[in-house]
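These notes concern the structure reproduced below.
The values are calculated or read from the model by the stated rules, or taken from the named source; none is laboratory data. What you see is a predicted model; the values in this text were computed from it and never measured. No Cβ is skipped: glycine too gets one built from the backbone with ideal geometry, and neighbour counts run over all protein chains shown. The area values use the complete protein model at the heavy-atom level, side chains included, leaving out ligands, DNA and RNA. Shrake-Rupley method; radii C 1.70, N 1.55, O 1.52, S 1.80 Å.
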Amino acid sequence: MRYLLLSDAHSNLEALEACLELAQGKYDEALCLGDLVGYGPNPNEVIEVIKPLARVIIRGNHDKACSGVTDAADFNPLARMATEWTRQALTPEHCEFLRSLPSGPVMMEGFSIVHGSPLDEDQYIVGPGQALPLLRAPQTQTVFFGHTHFQGGFMVTPKGRFQSIHLPHASDGLVDTLSLENSARFLINPGSVGQPRDGDWRAGFAIFDQKKNVVEYYRTAYDLAITQQKMRKAGLPEPLFRRLEYGR
Ligand code: ZN
């Protein structure tokens, strides 16, 4: 089985469509690690694409806040403004759909998926402080996570050494292939589809080929100007559409 891993699409339809175009024919099943909505201009349209596409969809913190499962009290002012905007924009059906999404972790066949961390769906795994305890006591060899919008992840090698997974800056398409050695442990972030924060503005995703036991990381350019125009027209805060071009 080849799994397409999509995370943090954040209502960015142009980025999502570019990812799906590049991924076409390369996967058997799609999984979504949450944050379908929040920040971007097309929450309903993104749900309409991901809902029928992905076999499993777990919720992210923005999905919860935008559908009223939680308030946005711990969000920064800009994220809160985007949450308010998204609440107004969502159809009642899509709001209900977001409310019904399960929290992670969800156990798949031999691996698991979470939004933030296996211990707390809202926790950010940003470095060894969070990653090491999780890698030392894993429930599955590989956990796929999102939430940080940083493509890559963390691993413990067969010799027990901790490593951040650093990816090369590559042209559009396949960025890197990671072989999941049996005696190693992995926390893998497929990257953010709709709002990367790792310094590369291009949309990110990953494909996990379970038979070959490899993860392929991908990046693709998309029509950013269209997304920014839509955000401007929607009255979303300028810093939120500016950050898209910096990948921060
Ligand atoms: Zn997110």
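Taking the DSSP beta bridges with both ends in the chain, the antiparallel portion is around 70 percent. For the chain, averaging the sequence separation of C-alpha pairs within contact (under 8 Å, six or more residues apart) and dividing by the residue count gives a relative contact order of 23 percent.
Given segment 1-117, what percent of its DSSP beta bridges are antiparallel, to the nearest 5?
Numbers: 2 of 9 bridges.
Close to 20 percent.
Under the convention that each Lys and Arg Cβ holds +1 and each Asp and Glu Cβ holds -1, the size of the dipole of segment 11-137 around its Cα centre is about 260 debye.
For segment 1-103, the alpha-carbon coordinates run over 40, 25, 23 Å along the three principal axes, in decreasing order.
Expressed as a whole percent, the accessible surface of the chain that belongs to carbon and sulfur atoms is 50, based on a 1.4 Å probe.
Seen from P52, the other residues with C-beta closer than 15 Å to its C-beta sum to a net charge of -3, counting Lys and Arg as +1 and Asp and Glu as -1. Projecting label points 7 angstrom from Cα along Cα→Cβ for R242 and T91 puts them 3.5 nm apart. In nm, give the distance between the simple-model label positions of F162 and D223, each being 7 Å from the Cα along the Cα-to-Cβ direction. Inter-label distance under the simple model: 4.5 nm. Working note: 222 nm ellipticity from helices only, DSSP H runs with n ≥ 4, each -39,500 (n - 2.57), summed and divided by the residues of the chain, gives -9000 deg cm²/dmol to the nearest 500. Charge tally for D74 (other residues, Cβ to Cβ under 12 Å; Lys, Arg +1; Asp, Glu -1): 0. Expressed in Å, the radius of gyration and Dmax of the Cα atoms of the chain are 16.8, 53. Annotation: per residue accessible area for the chain equals 42 Å², rounded to a whole number [probe 1.4 Å, protein chains only].
Electrostatic tally near G160: other residues with Cβ closer than 12 Å to its Cβ, Lys and Arg +1, Asp and Glu -1, net +4. Report the paramagnetic label zone for K233: residues of segment 15-48 whose backbone N is under 19 Å from a point 7 Å from Cα along the Cα-to-Cβ axis. So the set is 15-18, 38-48.
Looking at segment 152-209, the trypsin sites (Lys or Arg not before Pro) that sit in a DSSP loop and have at most 14 other Cβ atoms within 10 Å of their own Cβ are K159, R161.
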